[in-house]
Amino acid sequence: MTYGVLKLRSWISVVALCCLLSGCNLFSANASPEEQFQVSVSGLAGSEAFSFVGKAALRRNEQRQFEQHFSYEGQLTNHDELAMQSTLPVQTATKASVSVVKKEKNSSNPISADFRRMNGGWIHTSNAGKQAVQALVRFNPLDQLEEISGLTKTITEEVGASRGTRVLRIELNSEDAHKWLVKQLSREMDGLREELDKQQTTYSLKVRSELESIWQQGDKQLQTMLKQAKVGTVYHMTIDSRSDLPLRLTSESKMSYLDLEGNEQSETVVNDVTFQL
């Protein structure tokens, strides 16, 4: 073995040791945004345990103030078991006084549900009502990341990220974003229907008929609005360069549609999740 080869091996060993001690990640530094996204999602999916906290808000027709706020948290254990809790709504923004808003916040009922990852999806395993389960499913960040992994999207890297992090911008294809939204809302409507069916025996025939009529009307309105709706969704994922795991996931989803009177309406939902790994 020549002196040059020995010197090269020694240099490689020193670099590897320094990199190990400093926690650097050579692959992460050179990975494309698309590769980094897949590595980060896979790493999170393979985690044994972690927790997260999140908050979401809804704004209609480009108003400055958000109408509804929703907060939640979750804990993953044993790799596939997820418990989520929330308060719905946390706050409804109106012109009412602060005291009224506080009263409304305190009177809101917390909901919770347990899920288990099975066959590529999340199955609820608790006795929580279907409506509560669907409300939490929509904000499950693991489910979101697994869903958007299979959607058409454009991923770029943002400049100016904090030291030791990378920030990816993930814009969903508009058609895929629309199909995903239809899937989510249709699933929630089906959940409401199942909940009504479970309660059939507790209501009189008249009440059951009224509830059925309300559900039918609501479902018809939803399908009409979604038929020509336009959806745009953008995610931002902040990633720890050392571990390749997500630290934060934010999103903004905008939908425009025509109401039953033919008037154009719009809604914006923002979501912000912080992971504690």
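Summary table below
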| item | result |
| --- | --- |
| Pairs where the first residue, in segment 37-61, is within 16 Å of Gln144 (Cβ to Cβ) and the second is of a type in the set (Asp, Glu), C-beta under 6 Å, 6+ apart | Ser40/Asp244; Gly43/Asp244; Val53/Glu73; Lys55/Asp272 |
| Selected residue (criterion: farthest from Leu185 (Cα to Cα)) from residues of segment 214-251 that are without any contact (Cβ under 8 Å) to a residue 60 or more places away in the chain and of a type in the set (D, E, K, R) | Arg248 |
| Filter result for the condition that a residue is basic (Lys, Arg), over 23 Å from the mean Cα position of the chain (by Cα) and at pLDDT 85 or above, over Arg193, Arg242, Arg248, Arg166 | Arg242 |
| Checking Leu205 against (1) at pLDDT below 95; (2) in contact with a helix residue (DSSP H, G or I) (Cβ under 9 Å, 6 or more places away or on another chain), the condition it does not meet | (2) |
| Top-ranked residue of segment 252-277 - restricted to ones that are free of Cβ contacts under 8 Å to residues at least 24 places away in the same chain and assigned to a strand (DSSP E or B), ranked as farthest from the chain's Cα centre (by Cα) | Glu264 |
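The values are calculated or read from the model by the stated rules, or taken from the named source; none is laboratory data. Computed from a prediction, not measured in an experiment: that's the story for all the values here. With ideal geometry, Cβ positions are generated from the backbone for all residues, glycine too; neighbour counts draw on all protein chains shown.
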